[in-house]
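Shown next, in structure tokens, is the structure this report addresses.
Every read-out reported here was derived from the displayed coordinates using simple, explicitly stated rules and does not represent laboratory data. The shown structure was predicted, so the numbers you read here are calculated from the model rather than taken from an experiment. Quick reminder, even Gly has a Cβ in these numbers, built from the backbone with ideal geometry, and neighbours come from all protein chains shown.
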Ligand SMILES: C[S@@+](CC[C@H](N)C(=O)[O-])C[C@H]1O[C@@H](n2cnc3c(N)ncnc32)[C@H](O)[C@@H]1O
């Protein structure tokens, strides 16, 4: 098939050679006529084929590569279905969960597509018009993998894919099981696709430390870290979130697992205020898992201030010998910057602080080694003397 072509400037071929997923406007020498959402060929300045991409027509990112190759490919139904089957193959490495990310965009060489699985339900989010053209292959592959219920949560402007159910709706309450704990998941009204699947391994780690501790779970959502802490035998757990709906589910999740409800309290509050008003030397395990503060490059400085403030407040008040699980899921806050922010908060607090673990997203959010932007979740477990 004859695809429209983008030719890259000779002095801008390095990113292509390094198999990065994005083509920036400044790298383009010439291009043929193309429409947003088209599949296009990326060619070197000497005309040699280098990759296939979606033409996304952004201000800065013009095309997103889904295959680096110097050999022409037939991009038919089988190609796209195989891409999904290969991603499913990697997920066979997962243990003890009925919820996972099946497709993680660039992390699975599939820019513009996120698919999260909750039992037999696939929840799809699409981010550019290129996905429209192959959507029927995606649903076919999902059906073949056994996902009988497909729900589209999010599509970009101008997309022809309608949000909502694309199969028989699943009308029961969804309950997933993660490491033996049950969670209600609300895919339609909940945040993201319904659950923060990416924190699975980090939630499990809190079990190692939570016994007999007084736990504060800041930005708790539906109580992920809280449930693991309760199961581990925490003295008490306070879950704090601005979303009352999320906290309602957190309470229900504690009950669903037969955990001691008298040890769990929820607080519908801004976490910054909660930290200001809480007593010092009371909590000895604090989780800080805020939403992404930096959504774009120009918000990074303010986001950094936000992360620093949160962590500083926690450092000042945590009991001696306390443990802090602190995270940032802003892709723009790279791991080195996050560590620097935490270092600055630590220095200002004057406390003796050591790093016990350096954490990241779970394996169903694989980091594409050629695309560092796919590493977005960073965490540190700190010991505060
Ligand atoms: C990244 S999610 C936390 C996920 C959670 N740790 C889990 O394991 O499921 C961030 C949460 O922060 C809440 N949130 C956002 N801004 C907040 C604020 N200023 N104070 C309290 N909660 C906030 C959102 O409602 C959301 O539930």
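Using C-alpha pairs below 8 Å separated by at least 6 residues, the relative contact order for the range 77-165 is 25 percent. Put in line by how crowded their Cβ is, counting other Cβ atoms within 10 Å and starting with the fewest, 73, 142 read 73, 142.
For the pair the range 332-385 / the range 94-156, the C-alpha centres are spaced 28 Å from each other.
Note on the chain: the alpha carbon radius of gyration divided by the globular reference 2.2 N^0.38 Å gives 1.07.
Among 384, 117, 237, sorting on how many other beta-carbon atoms sit within 10 Å of each Cβ, with the fewest leading, yields 384, 117, 237. Contact order for the range 196-384, expressed relative to its length and based on alpha carbon pairs under 8 Å spaced 6+ residues apart, stands at 20 percent. Using alpha carbons only, how many degrees (0 to 90, rounded to 10) separate the axis of helix 77-91 from the longest principal axis of the chain? Once rounded, the angle reads 30 degrees.
Ordering 222, 126, 30 from the fewest to the most neighbouring beta carbons within 10 Å gives 30, 126, 222. Working note: 222 nm ellipticity from helices only, DSSP H runs with n ≥ 4, each -39,500 (n - 2.57), summed and divided by the residues of the chain, gives -8500 deg cm²/dmol to the nearest 500. To the nearest ten degrees, helix 130-144 and the longest principal axis of the Cα atoms of the chain are 70 degrees apart. Protection proxy ranking of 324-330, 357-363, by the mean of other Cβ atoms within 10 Å over each peptide's residues and highest first, is 324-330, 357-363. Each peptide in 311-317, 193-199, 145-151 gets a packing score, the mean of other Cβ atoms within 10 Å over its residues, and the list from highest to lowest is 193-199, 311-317, 145-151. Report relative contact order for the chain in percent, whole number only (criteria: Cα-Cα under 8 Å, sequence separation at least 6). Value for the chain: 11 percent. Nearest 5 is fine: what % of DSSP beta bridges in the range 108-182 come out antiparallel, could you say? Rounded to the nearest five, the antiparallel share is 65 percent.
Counting only alpha carbon atoms, the long axis of helix 244-256 and the longest principal axis of the chain meet at about 70°. Annotation: the antiparallel percentage among DSSP beta bridges lying fully within the range 148-244 is about 60. Of the beta bridges in the range 171-312, as assigned by DSSP with both residues counted there, near 25 percent are antiparallel.
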